[in-house]
Amino acid sequence: MHRIYMHPLPVRVWHWSNAVICVMLCLTGIQIRYVGLINLMPFRMVVAAHNWLGFLLIANTFIWLLFYLSSDRIRTYHSELNPIKLFRESVRQFVYYGYGIFKEAPNPFVASIYRKFNPPQSMTYQLIMLILLPIQCVTGILLWDLTRYARAVAFFGGVRVVDTVHVLIFIVFVFYIPFHAYLGTLGRTPMEHFKAMFTGYEESDEGESTDKAE
Ligand code: HEM
């Protein structure tokens, strides 16, 4: 059994702060959008909390971005450019999640430090981190001060368009978070990936042990 240093400290700090902030943004967002459904605090206060959490999310995202931009670990986010290989490996992964896992078949994907994510997982993280999260942050800033950003809001089609995009991405996150947490339990033991996201180390039967310095 080998111990692989899979998640460097900045990724772990970013990830768990991000998880807490996102859950709180979803809860405060639900109170703002669906008035009466939940009641965490007075309305004015929940709007202020949502705004502050939004700015925290933006600042925290820079930890993730700056770490990956300054590290060779960014290779883990490189896409598979061969469409046939991508398709074949994705199908194999879906068959595993939908069937093989119930038959105790081995996971067809073996993670390594520069290839942490299986193909569907890699595409999902790219969609979330490079497209949906940035759009959510930009639309959030525009909605935060509609007067100051009136020209930008008009450029994107008006308040309704900006607000609809913000709410649609919020709905994606509300479904994404529990689904992502569920997939996190599909290691060899239900807690394996969670532990790794705290300690940094993932255990593997293949490859060689790697340490923090590597
Ligand atoms: C309660 C909420 C959450 C839990 C329990 C959770 C759990 C996990 C676990 C166990 C991992 C490590 C396994 C893996 O690499 O897939 C992980 C990685 C990851 N999670 Fe989460 N997560 C949560 C919220 C979020 C949110 C809200 C986002 C994005 C908006 C997110 C984005 C990611 C990304 C991008 C990675 C890969 C990180 C990297 O190595 O670069 N997670 N999560």
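Please identify, among H50, H193, H78, the residue showing maximal mean-square fluctuation in a Gaussian network model of the chain using a 10 angstrom Cα cutoff. Most flexible of the set in this elastic network: H78.
Rounded to the nearest Hz, the phi-derived 3J(HN,Hα) couplings of segment 37-43 under the Karplus curve 6.51 cos²θ - 1.76 cosθ + 1.60 (θ = phi - 60°) are 6, 10, 9, 7, 6, x, 4, where x marks glycine and proline. For M6, the residues 5 or more places off, or on other chains, whose built amide H falls under 5 Å of its own are Y201, E202. Along segment 166-183 the Karplus relation, 6.51 cos²θ - 1.76 cosθ + 1.60 evaluated at θ = phi - 60°, assigns HN-Hα couplings of 4, 6, 5, 5, 4, 5, 4, 5, 4, 7, 4, 4, x, 5, 4, 5, 4, 4 Hz to successive residues, with x for each Gly and Pro. Arranged from fewest to most other beta-carbon atoms within 10 Å of their beta carbon, L53, L27, L66 become L66, L27, L53. Taking the Cα centre as origin and putting +1 on Lys and Arg beta-carbons and -1 on Asp and Glu beta-carbons, what dipole magnitude results for the chain, to the nearest 20 debye? It works out to roughly 560 debye. Here the Gaussian network model covers the chain, with springs between Cα atoms less than 10 Å apart; of E192, E80, E203, E80 fluctuates the most. Work out the count of Lys pairs in the chain where the Cα-Cα distance is under 21 Å, with the pair 8 or more places apart or on different chains. Lysine pair count for the chain: 4. Per-residue 3J(HN,Hα) values for segment 3-13, derived from phi via the Karplus relation 6.51 cos²θ - 1.76 cosθ + 1.60 with θ = phi - 60°, read 9, 10, 7, 8, 10, x, 3, x, 5, 5, 4 Hz in sequence order (x marks Gly and Pro).
Quick note: the coordinates plus some simple rules give every number you see, no bench work behind them. Remember, predicted model here, so these are calculated numbers, not experimental data. Backbone-built Cβ (ideal geometry, glycine too); neighbour counts: all protein chains shown.
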